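Since every read-out is calculated from the coordinates, none of them should be taken as a lab result. Computed from a predicted structure; not experimentally measured.
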């Protein structure tokens with residue numbers, strides 16, 4: 001999150017891989033410049049222009065020149081409003097919404113970037129969602145943006161040395177994990193893929209095999225990762241017209257003493273990288289995005305399912 005040149009959106013924001021709605025960084029840029037941009041005008045801008053607005057709002061100081069230049073290109077013509085300064089102090093709405101985490105917020109506030117401060121205040125003042133949903137989203141923002149005390153990291157000894165966790169005393173149980181990712185590409189690249197008109201043959205079949213093979217070799221790729229007895233790995237690749245690209249989903253199963261989250265994530269990553277490799281002659285601008293764990297089950301830590309939206 002510290003690399004402003006590649007930042008697009010926070011993890012707690014709505015799924016928005018095609019930038020169909022304005023991320024908070026873009027909203028900060030527009031608010032600071034006194035520009036109110038409609039959703040129609042936002043979507044009318046090119047993807048590069050939208051990313052330029054995001055970049056303008058992601059820095060320590062808003063790049064007003066970029067915002068003005070992009071606002072002139074937007075159609076319908078944006079409305080001009082009073083510019084809004086970045087919040088310097090914790091506003092009343094945010095302090096009230098923080099609840100039990102107010103002390104944590106106050107400790108972290110001086111070190112937060114202007115964009116992070118803006119995001120928290122914007123969420124606290126939002127009236128577009130129900131109170132419970134707004135509270136849940138703000139809680140996710142706190143989890144992402146506020147520095148937390150160091151947890152008990154099982155891969156470190158008390159002296160801070162890395163080691164492989166001993167799982168010999170744990171009971172073997174059924175384990176399952178699902179991960180996903182997305183490979184964004186040009187419409188013409190997707191059309192060539194679906195038509196089978198690509199330089200390297202059956203792209204989807206090869207990417208599927210690559211994902212399965214990678215899952216089986218996860219301990220060789222990820223340090224300190226246990227070798228587990230996989231009972232099954234499925235990799236699904238689904239072309240998508242909106243957003244344009246290929247959705248990659250991997251499911252890993254095992255009956256063992258430790259989980260298979262890494263196997264599922266490695267499968268998705270390898271399949272996505274193989275898609276890129278086999279299509280890069282057609283489209284070197286493809287992007288691999290949103291690689292994440294969707295769900296896991298089994299083990300003492302219990303089940304996990306990612307909340308959508």
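Convex hull volume of the C-alpha atoms in the stretch 6-138, normalised per residue: 113 Å³.
The mean sequence separation of alpha-carbon pairs under 8 Å and at least six residues apart, normalised by the residue count of the stretch 92-145, gives a relative contact order of 39 percent.
Evaluate the Debye formula for the stretch 92-145 with equal point scatterers sitting on the alpha carbons, no solvent, and hand back log10 of I(q)/I(0) at q = 0.15, 0.18, 0.24 Å⁻¹, in q order, two decimals. Normalising to I(0) and taking log10 leaves -0.36, -0.52, -0.94. Each part reduced to its alpha carbon centroid, the stretch 164-229 and the stretch 75-135 end up 38 Å apart.
Treating each Cα of the stretch 31-94 as one equal point scatterer and applying the Debye formula with no solvent, the log10 of I(q)/I(0) at q = 0.22, 0.30 Å⁻¹ comes out as -0.91, -1.38. Per residue, the average separation of C-alpha pairs within less than 8 Å and at least 6 apart gives the chain a relative contact order of 17 percent.
For the stretch 173-305, the relative contact order works out to 43 percent when only alpha carbon pairs closer than 8 Å and six or more residues apart are counted.
The ellipsoid equivalent to the alpha-carbon distribution of the chain has semi-axes of 37, 29, 15 angstrom, derived from the gyration tensor eigenvalues as √(5λ) and listed largest first. From its DSSP helices (H runs of at least four residues, each -39,500 (n - 2.57)), the chain gives a residue-normalised ellipticity at 222 nm of -12000 deg cm²/dmol. Please compute P(r) over all alpha-carbon pairs of the stretch 173-305, binned at 5 Å starting from zero, and give each bin as a whole-number percent. Histogramming the stretch 173-305 at 5 Å steps yields 2, 12, 21, 22, 16, 11, 8, 5, 2, 0 percent.
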